[in-house]
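Single-structure report; data block below.
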Amino acid sequence: METLEEQIAALKKDRRAVILAHNYERAEVQDVADFTGDSLELARKAATADADVIVFCGVYFMAETAAILNPGRTVLIPDPTAGCPMADMITGEQLRELKTRHPGAAAVCYVNSTAEVKAECDICVTSGNAERVMARFPKDREIIFVPDRHLGSHVAAKLGTQYILWPGYCPTHARLTAKQIADARAAHPGATVMVHPECPQEVRDAADKCLSTGGMCAYARESPDTEFIVGTELGILHRLRNENPGKTFHPAAQLVCPNMKKTTLEKVRDALLNMETRVAVPEDVAMRAKRAIDAMLAAG
Ligand code: 13P
Ligand code: SF4
(Lines give C-alpha, C1' and ligand atoms only; values in the text may rest on other atoms or scores of the structure.)
(Ligands and ions follow the chains in the order given, each with its own letter.)
Protein backbone atom coordinates (compact mmCIF):
# COMPACT_ATOMS: atom_id res chain seq x y z
CA MET A 1 0.00 0.00 0.00
CA GLU A 2 1.51 3.32 -1.09
CA THR A 3 1.68 6.20 1.37
CA LEU A 4 -0.16 9.42 0.57
CA GLU A 5 3.21 11.07 -0.11
CA GLU A 6 4.05 8.33 -2.66
CA GLN A 7 0.65 8.62 -4.32
CA ILE A 8 1.07 12.40 -4.59
CA ALA A 9 4.58 12.05 -6.06
CA ALA A 10 3.34 9.58 -8.72
CA LEU A 11 0.30 11.66 -9.65
CA LYS A 12 2.39 14.81 -9.78
CA LYS A 13 4.68 13.20 -12.35
CA ASP A 14 1.74 11.89 -14.46
CA ARG A 15 0.04 15.28 -14.51
CA ARG A 16 3.24 17.31 -14.98
CA ALA A 17 2.20 19.23 -11.91
CA VAL A 18 3.97 21.50 -9.47
CA ILE A 19 2.82 21.92 -5.86
CA LEU A 20 3.08 25.36 -4.27
CA ALA A 21 2.39 25.85 -0.55
CA HIS A 22 2.11 28.90 1.67
CA ASN A 23 4.27 29.14 4.80
CA TYR A 24 1.16 28.65 7.01
CA GLU A 25 0.17 25.27 5.53
CA ARG A 26 0.31 22.08 7.60
CA ALA A 27 3.85 20.70 7.99
CA GLU A 28 3.09 17.56 5.96
CA VAL A 29 1.65 19.65 3.11
CA GLN A 30 4.73 21.92 3.10
CA ASP A 31 6.83 18.75 2.93
CA VAL A 32 5.23 17.50 -0.33
CA ALA A 33 5.42 20.95 -1.95
CA ASP A 34 7.99 21.81 -4.61
CA PHE A 35 8.12 25.31 -3.23
CA THR A 36 6.97 26.91 0.02
CA GLY A 37 6.87 30.68 0.39
CA ASP A 38 5.07 33.91 1.13
CA SER A 39 2.45 35.50 -1.13
CA LEU A 40 5.00 37.39 -3.22
CA GLU A 41 7.32 34.42 -3.66
CA LEU A 42 4.38 32.19 -4.59
CA ALA A 43 3.05 34.74 -7.13
CA ARG A 44 6.51 34.89 -8.71
CA LYS A 45 6.77 31.07 -8.79
CA ALA A 46 3.29 30.81 -10.29
CA ALA A 47 4.25 33.29 -13.01
CA THR A 48 7.26 31.20 -14.09
CA ALA A 49 6.10 27.64 -13.31
CA ASP A 50 7.25 25.06 -15.87
CA ALA A 51 4.29 22.70 -15.47
CA ASP A 52 0.89 21.92 -16.99
CA VAL A 53 -0.84 21.95 -13.61
CA ILE A 54 -0.31 24.06 -10.49
CA VAL A 55 -1.69 22.64 -7.24
CA PHE A 56 -2.00 25.63 -4.95
CA CYS A 57 -1.99 24.84 -1.23
CA GLY A 58 -3.07 28.10 0.33
CA VAL A 59 -6.18 30.25 0.46
CA TYR A 60 -8.41 31.07 -2.49
CA PHE A 61 -7.06 34.52 -3.42
CA MET A 62 -3.57 33.02 -3.76
CA ALA A 63 -4.78 30.29 -6.13
CA GLU A 64 -6.79 32.92 -8.01
CA THR A 65 -3.61 35.01 -8.44
CA ALA A 66 -1.82 31.93 -9.82
CA ALA A 67 -4.72 31.33 -12.25
CA ILE A 68 -4.70 34.96 -13.43
CA LEU A 69 -0.95 34.75 -14.10
CA ASN A 70 -1.31 31.42 -15.94
CA PRO A 71 -4.29 31.60 -18.30
CA GLY A 72 -3.01 28.57 -20.26
CA ARG A 73 -2.46 26.28 -17.27
CA THR A 74 -4.73 24.39 -14.92
CA VAL A 75 -4.67 25.72 -11.36
CA LEU A 76 -6.16 23.41 -8.73
CA ILE A 77 -7.04 24.27 -5.14
CA PRO A 78 -7.39 21.16 -2.94
CA ASP A 79 -10.14 22.76 -0.80
CA PRO A 80 -12.04 25.58 -2.55
CA THR A 81 -13.66 26.63 0.74
CA ALA A 82 -10.25 27.76 2.06
CA GLY A 83 -10.93 31.49 1.88
CA CYS A 84 -9.34 34.53 3.49
CA PRO A 85 -11.85 36.44 5.64
CA MET A 86 -9.85 39.64 5.18
CA ALA A 87 -10.05 39.36 1.38
CA ASP A 88 -13.82 39.05 1.70
CA MET A 89 -14.13 42.26 3.77
CA ILE A 90 -14.44 44.43 0.65
CA THR A 91 -16.29 43.83 -2.63
CA GLY A 92 -15.61 45.30 -6.07
CA GLU A 93 -18.81 47.33 -5.69
CA GLN A 94 -17.69 48.84 -2.36
CA LEU A 95 -14.31 49.78 -3.84
CA ARG A 96 -15.95 51.37 -6.91
CA GLU A 97 -18.11 53.43 -4.57
CA LEU A 98 -15.04 54.53 -2.54
CA LYS A 99 -13.26 55.50 -5.78
CA THR A 100 -16.14 57.73 -6.85
CA ARG A 101 -15.78 59.60 -3.54
CA HIS A 102 -12.03 60.13 -4.24
CA PRO A 103 -11.87 60.58 -8.00
CA GLY A 104 -8.17 61.57 -8.22
CA ALA A 105 -6.87 58.85 -5.91
CA ALA A 106 -4.74 55.87 -6.93
CA ALA A 107 -6.28 52.55 -5.83
CA VAL A 108 -3.94 50.01 -4.25
CA CYS A 109 -4.90 46.61 -2.90
CA TYR A 110 -3.13 44.13 -0.70
CA VAL A 111 -2.80 40.85 -2.62
CA ASN A 112 -5.16 39.43 0.05
CA SER A 113 -8.14 40.56 -2.02
CA THR A 114 -10.51 39.05 -4.57
CA ALA A 115 -9.84 39.20 -8.33
CA GLU A 116 -12.84 41.52 -8.58
CA VAL A 117 -11.16 44.00 -6.20
CA LYS A 118 -7.77 43.68 -7.94
CA ALA A 119 -9.52 44.47 -11.22
CA GLU A 120 -10.45 47.90 -9.79
CA CYS A 121 -6.89 48.73 -8.69
CA ASP A 122 -3.86 50.39 -10.26
CA ILE A 123 -1.42 48.09 -8.50
CA CYS A 124 -1.38 45.48 -5.78
CA VAL A 125 1.20 44.83 -3.08
CA THR A 126 2.14 42.03 -0.72
CA SER A 127 3.49 42.38 2.79
CA GLY A 128 6.89 41.48 1.27
CA ASN A 129 7.05 44.43 -1.12
CA ALA A 130 4.47 46.98 0.11
CA GLU A 131 6.95 49.53 1.40
CA ARG A 132 9.11 49.34 -1.73
CA VAL A 133 6.13 49.59 -4.11
CA MET A 134 4.35 52.37 -2.19
CA ALA A 135 7.57 54.44 -2.02
CA ARG A 136 7.21 54.92 -5.78
CA PHE A 137 4.12 57.08 -5.34
CA PRO A 138 4.69 60.83 -4.79
CA LYS A 139 4.13 61.66 -1.09
CA ASP A 140 1.28 64.06 -1.85
CA ARG A 141 -0.65 61.59 -4.04
CA GLU A 142 -4.05 60.62 -2.64
CA ILE A 143 -4.08 56.83 -2.23
CA ILE A 144 -6.86 54.40 -1.40
CA PHE A 145 -5.45 51.28 0.31
CA VAL A 146 -7.64 48.17 0.77
CA PRO A 147 -8.51 45.92 2.52
CA ASP A 148 -5.98 45.67 5.40
CA ARG A 149 -5.96 48.74 7.61
CA HIS A 150 -3.01 47.37 9.58
CA LEU A 151 -0.66 46.80 6.63
CA GLY A 152 -1.86 50.13 5.19
CA SER A 153 -1.15 52.10 8.37
CA HIS A 154 2.18 50.30 8.85
CA VAL A 155 3.44 51.28 5.38
CA ALA A 156 2.02 54.83 5.60
CA ALA A 157 3.83 55.37 8.93
CA LYS A 158 7.09 53.99 7.48
CA LEU A 159 6.87 56.34 4.50
CA GLY A 160 5.66 59.33 6.55
CA THR A 161 2.34 59.64 4.76
CA GLN A 162 -1.35 58.73 5.10
CA TYR A 163 -3.71 56.60 3.03
CA ILE A 164 -7.47 56.34 2.76
CA LEU A 165 -7.79 53.03 4.58
CA TRP A 166 -10.51 50.39 4.40
CA PRO A 167 -11.29 48.92 7.84
CA GLY A 168 -10.36 45.33 6.90
CA TYR A 169 -8.18 43.13 9.08
CA CYS A 170 -6.99 39.56 9.57
CA PRO A 171 -9.00 37.84 12.34
CA THR A 172 -6.03 35.58 13.14
CA HIS A 173 -3.41 38.33 13.59
CA ALA A 174 -5.95 40.63 15.30
CA ARG A 175 -5.87 38.24 18.28
CA LEU A 176 -2.23 38.97 19.09
CA THR A 177 -1.82 41.54 21.89
CA ALA A 178 1.04 43.74 23.13
CA LYS A 179 0.66 41.98 26.51
CA GLN A 180 1.39 38.60 24.88
CA ILE A 181 4.53 40.09 23.32
CA ALA A 182 5.60 41.49 26.71
CA ASP A 183 4.94 38.11 28.40
CA ALA A 184 6.93 36.28 25.71
CA ARG A 185 9.82 38.73 26.11
CA ALA A 186 9.76 38.18 29.89
CA ALA A 187 9.86 34.39 29.35
CA HIS A 188 12.64 34.60 26.73
CA PRO A 189 14.77 37.66 27.50
CA GLY A 190 17.11 38.54 24.66
CA ALA A 191 15.01 36.86 21.94
CA THR A 192 14.30 38.90 18.79
CA VAL A 193 10.58 39.58 18.30
CA MET A 194 9.33 39.29 14.70
CA VAL A 195 5.69 40.07 13.90
CA HIS A 196 3.64 40.26 10.71
CA PRO A 197 2.41 43.66 9.43
CA GLU A 198 -1.18 42.36 9.68
CA CYS A 199 -0.84 42.68 13.48
CA PRO A 200 -2.45 45.65 15.26
CA GLN A 201 -0.31 48.75 15.72
CA GLU A 202 0.43 48.24 19.45
CA VAL A 203 1.81 44.77 18.61
CA ARG A 204 3.94 46.11 15.74
CA ASP A 205 5.24 48.84 18.06
CA ALA A 206 6.17 46.24 20.69
CA ALA A 207 8.20 44.14 18.17
CA ASP A 208 11.79 44.38 16.95
CA LYS A 209 10.98 43.45 13.35
CA CYS A 210 7.80 43.67 11.28
CA LEU A 211 8.16 41.30 8.32
CA SER A 212 6.27 39.22 5.77
CA THR A 213 6.48 35.47 6.35
CA GLY A 214 9.18 35.24 3.67
CA GLY A 215 10.95 38.18 5.33
CA MET A 216 10.90 36.32 8.66
CA CYS A 217 12.48 33.23 7.06
CA ALA A 218 15.20 35.37 5.43
CA TYR A 219 15.87 37.35 8.62
CA ALA A 220 16.11 34.22 10.79
CA ARG A 221 18.52 32.68 8.27
CA GLU A 222 20.74 35.71 7.74
CA SER A 223 20.88 37.45 11.12
CA PRO A 224 23.36 36.41 13.82
CA ASP A 225 20.46 36.22 16.33
CA THR A 226 19.79 32.72 17.66
CA GLU A 227 16.49 33.03 19.57
CA PHE A 228 13.23 34.41 18.18
CA ILE A 229 9.67 35.13 19.30
CA VAL A 230 7.40 34.71 16.29
CA GLY A 231 4.18 36.74 16.06
CA THR A 232 2.34 35.14 13.19
CA GLU A 233 0.49 31.95 12.23
CA LEU A 234 1.98 28.80 13.76
CA GLY A 235 2.54 27.00 10.42
CA ILE A 236 5.66 29.05 9.75
CA LEU A 237 7.46 27.44 12.71
CA HIS A 238 7.89 24.23 10.69
CA ARG A 239 9.95 26.02 8.06
CA LEU A 240 11.84 28.25 10.51
CA ARG A 241 12.92 25.26 12.61
CA ASN A 242 13.81 23.09 9.59
CA GLU A 243 15.93 25.77 7.98
CA ASN A 244 17.67 26.87 11.20
CA PRO A 245 18.48 23.77 13.27
CA GLY A 246 20.81 25.68 15.60
CA LYS A 247 18.29 28.41 16.43
CA THR A 248 15.24 28.55 18.74
CA PHE A 249 11.77 29.79 17.80
CA HIS A 250 8.96 30.50 20.31
CA PRO A 251 5.42 31.34 19.16
CA ALA A 252 4.24 34.67 20.63
CA ALA A 253 0.74 33.12 20.85
CA GLN A 254 -1.18 30.15 19.46
CA LEU A 255 -2.30 31.87 16.23
CA VAL A 256 -4.01 29.53 13.78
CA CYS A 257 -5.60 30.46 10.45
CA PRO A 258 -8.35 27.82 10.15
CA ASN A 259 -8.53 28.26 6.38
CA MET A 260 -4.84 27.50 5.87
CA LYS A 261 -5.35 24.28 7.81
CA LYS A 262 -8.14 23.02 5.55
CA THR A 263 -5.66 21.61 3.04
CA THR A 264 -4.66 18.06 3.95
CA LEU A 265 -2.55 15.46 2.16
CA GLU A 266 -5.74 13.52 1.27
CA LYS A 267 -7.14 16.63 -0.42
CA VAL A 268 -3.88 17.26 -2.32
CA ARG A 269 -3.95 13.64 -3.55
CA ASP A 270 -7.61 13.92 -4.56
CA ALA A 271 -7.02 17.24 -6.34
CA LEU A 272 -4.41 15.58 -8.56
CA LEU A 273 -6.44 12.40 -9.00
CA ASN A 274 -9.71 14.09 -9.97
CA MET A 275 -8.17 17.30 -11.39
CA GLU A 276 -10.41 19.32 -9.07
CA THR A 277 -11.16 22.01 -8.00
CA ARG A 278 -10.12 24.15 -10.97
CA VAL A 279 -9.76 27.85 -10.21
CA ALA A 280 -11.49 29.90 -12.88
CA VAL A 281 -11.68 33.69 -13.07
CA PRO A 282 -14.01 35.36 -15.61
CA GLU A 283 -11.85 36.54 -18.52
CA ASP A 284 -12.64 40.27 -18.32
CA VAL A 285 -12.02 40.36 -14.54
CA ALA A 286 -8.82 38.31 -14.94
CA MET A 287 -7.51 40.67 -17.63
CA ARG A 288 -8.01 43.77 -15.47
CA ALA A 289 -6.74 42.10 -12.28
CA LYS A 290 -3.63 40.91 -14.16
CA ARG A 291 -2.68 44.51 -14.91
CA ALA A 292 -2.51 45.27 -11.16
CA ILE A 293 -0.53 42.08 -10.42
CA ASP A 294 1.84 42.62 -13.37
CA ALA A 295 2.44 46.20 -12.21
CA MET A 296 3.42 44.82 -8.80
CA LEU A 297 5.74 42.15 -10.25
CA ALA A 298 7.36 44.74 -12.55
CA ALA A 299 7.94 47.02 -9.54
CA GLY A 300 10.33 44.35 -8.20
P1 13P B 1 2.72 36.70 3.57
O2 13P B 1 2.73 37.25 2.19
O3 13P B 1 3.60 37.45 4.51
O4 13P B 1 3.03 35.24 3.57
O5 13P B 1 1.28 36.90 4.18
C6 13P B 1 0.13 36.30 3.68
C7 13P B 1 -0.92 36.19 4.67
O8 13P B 1 -2.03 35.85 4.39
C9 13P B 1 -0.58 36.53 6.03
O10 13P B 1 -1.68 36.36 6.84
FE1 SF4 C 1 -6.24 35.67 5.57
FE2 SF4 C 1 -5.30 36.09 8.01
FE3 SF4 C 1 -5.50 33.61 7.11
FE4 SF4 C 1 -3.63 35.29 6.14
S5 SF4 C 1 -3.79 34.47 8.20
S6 SF4 C 1 -4.97 33.94 4.96
S7 SF4 C 1 -4.80 37.23 6.16
S8 SF4 C 1 -7.19 35.05 7.47
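Observations on the structure shown:
- Subset tally (residues that are within 19 Å of the chain's Cα centre (by Cα) and in a helix (DSSP H, G or I)) for the range 230-244: 5
- Subset tally (residues that are closer than 17 Å to Q254 by Cα and under 18 Å from the mean Cα position of the chain (by Cα)) for the range 205-229: 1
- Scanning the range 159-184 for residues being under 18 Å from V111 (Cβ atoms) and in a helix (DSSP H, G or I) gives a total of 1.
- Flag if E6 is acidic (D, E) and closer than 27 Å to A298 by Cβ: no
- Leading residue by the ranking (surrounded by the fewest Cβ atoms within 10 Å (Cβ to Cβ)) among those in the range 3-17 that are farther than 12 Å from A271 by Cα and under 26 Å from the mean Cα position of the chain (by Cα): R16
- Only a single criterion out of (1) within 11 Å of ligand 1 (Cβ to nearest atom); (2) closer than 19 Å to P85 by Cβ is not satisfied by R149, namely (1).
- Yes/no for A218 being out of contact with any Gly (no Cβ under 8 Å at 6 or more places or on another chain), within 12 Å of ligand 1 (Cβ to nearest atom), without any contact (Cβ under 8 Å) to a residue 60 or more places away in the chain and part of a helix (DSSP H, G or I): yes
- Which numbered condition K139 fails, given (1) within 27 Å of A105 (Cα to Cα); (2) modelled with pLDDT of 95 or more; (3) not in a helix (DSSP H, G or I): (2)
- The selection criterion, being among the acidic types (D, E), within 17 Å of the chain's Cα centre (by Cα) and surrounded by fewer than 24 Cβ atoms within 10 Å (Cβ to Cβ), does not hold for E93.
- Set C217, C210: member being over 23 Å from K45 (Cα atoms) and away from ligand 2 (no atom under 13 Å from the Cβ): C210
- Of all residues in the range 162-192 being farther than 13 Å from G231 by Cβ and in contact with a strand residue (DSSP E or B) (Cβ under 8 Å, 6 or more places away or on another chain), the one that is farthest from ligand 2 (Cβ to nearest atom): G190
- Elements of the type strands (runs of 3 or more DSSP E) sitting completely within the range 45-123 and holding at least 2 residues that are within 16 Å of ligand 1 (Cβ to nearest atom) and free of Cβ contacts under 8 Å to residues at least 60 places away in the same chain: these cover 106-110.
- All positions within the range 257-274 that are assigned to a helix (DSSP H, G or I) and of a type in the set (V, I, T): V268
- Within the range 163-180, residues that are within 10 Å of A252 (Cα to Cα) and without any contact (Cβ under 8 Å) to a residue 40 or more places away in the chain reach no partner that is buried (at least 17 other Cβ atoms within 10 Å of the Cβ) and of a type in the set (S, T, N, Q) with beta carbons closer than 8 Å at six or more positions or on different chains.
- Restricting attention to the range 31-42, the residues being part of a helix (DSSP H, G or I), within 14 Å of ligand 1 (Cβ to nearest atom) and more than 12 Å from V75 (Cβ to Cβ) number 3.
- Criterion: within 24 Å of Y60 (Cα to Cα) and at pLDDT 95 or above - qualifying residue of T126, T161, T192: T126
- Tabulated pairs, the range 232-260, first in contact (Cβ under 8 Å) with a residue 12 or more places away in the chain and more than 11 Å from ligand 2 (Cβ to nearest atom), second among the polar types (S, T, N, Q) and part of a loop (DSSP other than H, G, I, E, B), C-beta under 8 angstrom, 6+ apart or interchain: R239/N23; G246/T226; K247/T226; T248/T226; A253/T177
- When we screen T263, T213 for residues that are touching a strand residue (DSSP E or B) at 6+ places or on another chain (Cβ under 9 Å) and within 23 Å of V203 (Cα to Cα), the only hit is T213.
The values are calculated or read from the model by the stated rules, or taken from the named source; none is laboratory data. Predicted model only: the values in this text are computed from it and were never measured. Reconstructed Cβ throughout: ideal geometry from the backbone, glycine too, with neighbour counts over all protein chains shown.
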